[in-house]
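For reference, the structure is listed below as structure tokens.
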Amino acid sequence: MTPRAKAVAAARRAALVLTVVAGVMAARARADDPAAFNPLQGSAQGTPVPTLTAGETHYMQSCGGCHGILGSSARGNVPELRGNVGRLMCTQAGREYIVRLPNVAFAGVDDSVLAEVLNYVIFSFGDASLPQDVKPYTAEEVGKLRREPNKNTNLWNLRQAIMAQTDPDCGRPKPEAARPAQ
């Protein structure tokens, strides 16, 4: 790659990151006060524009391009996180699978930031698929698991095997009990 091509690629990556961060900040602010938000100035009341955590930032920069900034992938060959990732928390094998994915295990961040990224993903995108009793990842757990990545493995087959062992009702909202007629 020529130096000019490298510079153009770097500029495009930087523009993408800035666009993603602006979009997330705008989505957060609109949720709080849709009528008052101006993405260039914060809210009309002078409320500062929200900042991203280290985990959110790393997700946006390194994962959001394929998995989508809101966990919804546009491509059929990239797993959809929104509404699905929580089911992997139903078993220990699923919990370990996420950390041992090569792009996760080899991420260029320390164990603490990677735990933040994983917790952001499962708690932000798990939605109704997330079991109610799921525990957040710790830096210690992530550090131990990422030392044994799933490399040279058919990840699709492994994910299918894990999902086949998962209770189909795990992570789904429980139907309300029928109320007696009054």
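Within the stretch 80-95, how many residues are assigned to a helix (DSSP H, G or I) and buried (at least 17 other Cβ atoms within 10 Å of the Cβ)?
Residues of the stretch 80-95 assigned to a helix (DSSP H, G or I): 85-90, 92-95.
Remaining after also requiring buried (at least 17 other Cβ atoms within 10 Å of the Cβ): 85-90, 94-95.
So the answer is 8.
In the set Asn77, Asn150, which member is of a type in the set (S, T, N, Q), touching a residue at least 12 places away in the same chain (Cβ under 8 Å) and not in a helix (DSSP H, G or I)? Full working, then the answer.
Values: Asn77 fails: touching a residue at least 12 places away in the same chain (Cβ under 8 Å).
Only one candidate qualifies: Asn150.
Tell me whether the stretch 163-176 contains one or more residues that are assigned to a helix (DSSP H, G or I) and either modelled with pLDDT under 85 or within 17 Å of Glu96 (Cβ to Cβ) (or both).
Filtering the stretch 163-176 down to residues assigned to a helix (DSSP H, G or I) leaves 163-164.
Filter again for either modelled with pLDDT under 85 or within 17 Å of Glu96 (Cβ to Cβ) (or both), leaving 163-164.
So far as the stretch 163-176 goes, yes, one or more of its residues are assigned to a helix (DSSP H, G or I) and either modelled with pLDDT under 85 or within 17 Å of Glu96 (Cβ to Cβ) (or both).
For residues that are of a type in the set (A, V, I, L, M) and at pLDDT below 85, scanning just the stretch 46-77, find the one that is surrounded by the fewest Cβ atoms within 10 Å (Cβ to Cβ). Walk me through how you get there before you give the answer.
Within the stretch 46-77, the first condition is being of a type in the set (A, V, I, L, M), and the residues that meet it are 49, 52, 54, 60, 69-70, 74.
Pick out the ones that are also at pLDDT below 85 and you get 49, 74.
Details: Val49: 17, Ala74: 9.
Going through the qualifying residues, I end up with Ala74.
Scan the stretch 111-137 for residues that are of a type in the set (D, E, K, R) and crowded, with 21+ Cβ neighbours inside 10 Å and report the count.
Initial filter on the stretch 111-137 (of a type in the set (D, E, K, R)): 111, 116, 127, 133, 135.
With crowded, with 21+ Cβ neighbours inside 10 Å added as a condition, the list becomes 116.
Qualifying residue count for the region: 1.
In the set Ala128, Ala107, which member is in a helix (DSSP H, G or I) and more than 16 Å from Pro79 (Cα to Cα)? Give the steps one after another, and end with the answer.
Numbers: Ala107 fails: in a helix (DSSP H, G or I).
Selected residue: Ala128, the only one of Ala128, Ala107 that is in a helix (DSSP H, G or I) and more than 16 Å from Pro79 (Cα to Cα).
Restricting attention to the stretch 57-74, which residues are part of a helix (DSSP H, G or I) and either in contact with a Ser or Thr (Cβ under 8 Å, 6 or more places away or on another chain) or farther than 16 Å from Ser124 by Cα (or both)?
Answer for the stretch 57-74, where residues must be part of a helix (DSSP H, G or I) and either in contact with a Ser or Thr (Cβ under 8 Å, 6 or more places away or on another chain) or farther than 16 Å from Ser124 by Cα (or both): Gln61, Ser62, Gly65, Cys66, His67.
Look at Ser43 and say whether it is at pLDDT 85 or above and of a type outside the set (A, V, I, L, M). It would help to see each step written out before you state the result.
Values: at pLDDT 85 or above: no; of a type outside the set (A, V, I, L, M): yes.
Here the answer is no, as Ser43 does not meet what is asked.
Right, Ser129: modelled with pLDDT under 90, of a type in the set (Gly, Ala, Ser) and over 19 Å from Gly65 (Cα atoms) or not? Step through it out loud before you land on a result.
Working: modelled with pLDDT under 90: yes; of a type in the set (Gly, Ala, Ser): yes; over 19 Å from Gly65 (Cα atoms): yes.
Taking the combined requirement at face value, the residue satisfies it.
If Glu140 satisfies every condition in (1) part of a helix (DSSP H, G or I); (2) modelled with pLDDT under 95 but one, which is the exception?
Looking at each condition in turn, Glu140 falls short on (2).
The values are calculated or read from the model by the stated rules, or taken from the named source; none is laboratory data. All of these numbers come straight from a predicted model, not from anything done at the bench. Using ideal geometry, Cβ is built from the backbone for each residue, glycine included, and neighbour counts are taken over all protein chains shown.
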